[in-house]
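K.L.:
Can you keep this structure in mind? I'll have questions shortly.
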Amino acid sequence: MVGGVPLEFEMILVGGTGTMDANNWWQLSLGSEEPIAGGYIEIGLNRGEYEGTVDLSPAKVREILYDSEYALTGDFATAFVYGECSGVSLPTGSEGPVMGGTVHTW
């Protein structure tokens, strides 16, 4: 607890054991069923007609989000989202992304 604000949720309140912090909640919710309220979050991998089809371990979610070469929170994500939204690659020079660099059709 910091300044009277709890940092962890008591899982006994939803029939579980132990506690859960926001980081663990996010990792579980992204890759499987939301552990506190149940069901699936709108920005998770289980969406719409695909609800219930993905059940990833927290370790696999960490790899996807943070640890792999293509992690969604790394440099690759910037290039991917830019390409998806603009239809072209990030402008690139010999040292990587650069203003005025060469672009390629996505």
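Each value in this text was obtained by applying a stated rule to the coordinates, not by laboratory testing. Note that this is a predicted model, so its numbers are computed, not measured. Quick reminder, even Gly has a Cβ in these numbers, built from the backbone with ideal geometry, and neighbours come from all protein chains shown.
K.L.:
Cβ neighbours within 10 Å, averaged per peptide: list 15-24, 35-44 in order, most packed at the top.
P.N.:
Going by the mean number of other Cβ atoms within 10 Å, highest first, we get 35-44, 15-24.
K.L.:
Give me the angle, in degrees from 0 to 90, between the Cα long axis of helix 22-31 and the longest principal axis of the Cα atoms of the chain, rounded to the nearest 10.
P.N.:
For helix 22-31, the angle is close to 70 degrees.
K.L.:
Set the Förster distance to 41 Å, then compute FRET efficiency between VAL14 and THR78 from the Cβ-Cβ distance, nearest 0.05.
P.N.:
0.65
K.L.:
What is the angle, in °, between the Cα long axis of helix 75-86 and the longest principal axis of the Cα atoms in the chain? Nearest 10 is fine, range 0 to 90.
P.N.:
Once rounded, the angle reads 70 degrees.
K.L.:
Continuing with the same structure: Specify the residue with the greatest mean-square fluctuation among GLU49, GLU69, GLU34, computed from a Gaussian network of the chain linking alpha-carbon atoms under 10 Å apart.
P.N.:
The residue that fluctuates most here is GLU49.
K.L.:
Now for a separate question. Relative contact order of the stretch 1-73: what whole-number percent is it, with Cα pairs under 8 angstrom and at least 6 residues apart?
P.N.:
20
K.L.:
Hey, for a label at ARG47 modelled as a point 7 Å past Cα toward Cβ, could you say which residues of the stretch 83-106 have their backbone N under 19 Å away?
P.N.:
83-87
K.L.:
Assuming a viscosity of 0.692 mPa s and a temperature of 37 °C, what translational diffusion coefficient in µm² per second does Stokes-Einstein assign to the stretch 1-73, Rh being the Kirkwood radius over Cα pairs?
P.N.:
247
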